[in-house]
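Structure record follows, encoded as structure tokens.
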Amino acid sequence: MPVLDRGGREHLAGPHTGLETHITDITALVEAEEVHDVVLVAHSYAGAPVTGAADRLGDRVAHVVYVDSCPPPGGAAFVELFPPQERERTAALVGDGRHLPPLPFDPAADPVNLAGLDEAQLARLRRLATPHPYATMTQPLRLSGKPLPPCTLIACSIPPEQVQAMIEEGNPFFAGLADAAVIALPTGHYPMLSEPARLAALLASAVA
């Protein structure tokens, strides 16, 4: 199945680009390719559009795998996942009112998320990162209320016991993982770079 490359579509971004844009990207691709029994994999922010797409695609989706991510609840914006101080800091970075600038990928400032990455991988992230449309983080997620497909969480920068604690505390962003299989992959937030072979094996086993 083709893979969407948001970096390769950067030139299409504009004031209209929001969460609904990304959800439509996924649903339109699945429908155009006429595929079924789809496994959607969401990393980080992609938990929001993938959850929205799974809701709209219905029984076309067999499983969702969240990689260091989570399913936001209906009516919530992704930015609500962060505490108020972090939201204010993030909003202040949106210089043009539309885009978040790429991260600096500085391991001294962000050792947890960047754990396991060498300098070549950090340089690749800095080289290929693109500005992120801020409306994707502030636009609320619309869900129908129908049951979502089975899901798995591959927990990397957040230990499984912390995930379980947030579920038990009623954190709305983690409530959707109450029945999920939680698999630990102790590394940073970018396991596709820091632990690619182990991540690939876990993805395969999660839906076997």
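The values are calculated or read from the model by the stated rules, or taken from the named source; none is laboratory data. Fair warning: this is a prediction, and the values are worked out from it, not measured in the lab. Here the Cβ positions follow ideal geometry from the backbone for every residue, glycine too, while neighbour counts run over all protein chains shown.
So which of L103, L141 is out of contact with any Phe, Trp or Tyr (no Cβ under 8 Å at 6 or more places or on another chain), under 27 Å from A53 (Cβ atoms), assigned to a loop (DSSP other than H, G, I, E, B) and of a type outside the set (D, E, K, R)? I'd like the intermediate steps shown before the answer.
On the way: L141 fails: out of contact with any Phe, Trp or Tyr (no Cβ under 8 Å at 6 or more places or on another chain).
None of the other options fit; the residue is L103.
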Quiz item: Any residue at all in the stretch 77-88 that is closer than 20 Å to A175 by Cα and among the small types (G, A, S)?
Solution: yes
Self-check item: Positions within the stretch 109-154 being closer than 23 Å to V182 by Cα and in contact with a strand residue (DSSP E or B) (Cβ under 8 Å, 6 or more places away or on another chain), in sequence order
Solution: L148, P149, P150, C151, T152, L153, I154
Quiz prompt | Subset tally (residues that are surrounded by 16 or more Cβ atoms within 10 Å (Cβ to Cβ), in contact with a His (Cβ under 8 Å, 6 or more places away or on another chain) and β-branched (V, I, T)) for the stretch 112-166 | solution = 2
Quiz item: Which condition breaks for P102 when tested against (1) within 15 Å of V65 (Cα to Cα); (2) surrounded by fewer than 17 Cβ atoms within 10 Å (Cβ to Cβ)?
Solution: (1)
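Conditions tested, residue by residue: (1) modelled with pLDDT under 95; (2) aliphatic (A, V, I, L, M); (3) assigned to a helix (DSSP H, G or I).
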position: A42; (1), (2), (3): no, yes, no
position: G47; (1), (2), (3): no, no, yes
position: G52; (1), (2), (3): no, no, yes
position: V65; (1), (2), (3): no, yes, no
position: G75; (1), (2), (3): no, no, no
position: E86; (1), (2), (3): yes, no, yes
position: A91; (1), (2), (3): yes, yes, yes
position: G95; (1), (2), (3): yes, no, no
Self-check item: The one condition in (1) polar (S, T, N, Q); (2) over 26 Å from P83 (Cα atoms); (3) free of Cβ contacts under 8 Å to residues at least 24 places away in the same chain; (4) surrounded by 15 or more Cβ atoms within 10 Å (Cβ to Cβ) that S194 fails to fulfil
Solution: (3)
Self-check item: Output for the stretch 106-128, where each listed residue is assigned to a loop (DSSP other than H, G, I, E, B) and free of Cβ contacts under 8 Å to residues at least 60 places away in the same chain
Solution: D106, P107, A108, A109, D110, P111, D118
Exercise. Hey, can you tell me all the residues within the stretch 9-20 that are within 18 Å of the chain's Cα centre (by Cα), at pLDDT below 95 and assigned to a helix (DSSP H, G or I)?
Key: R9, E10
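Give the number of residues within the stretch 32-60 that are touching a Lys or Arg at 6+ places or on another chain (Cβ under 8 Å) and more than 27 Å from H189 (Cβ to Cβ). Please lay out each step first, then the result.
Of the stretch 32-60, the ones touching a Lys or Arg at 6+ places or on another chain (Cβ under 8 Å) are 35-38, 52, 55, 58.
Remaining after also requiring more than 27 Å from H189 (Cβ to Cβ): 35-37, 58.
So the answer is 4.
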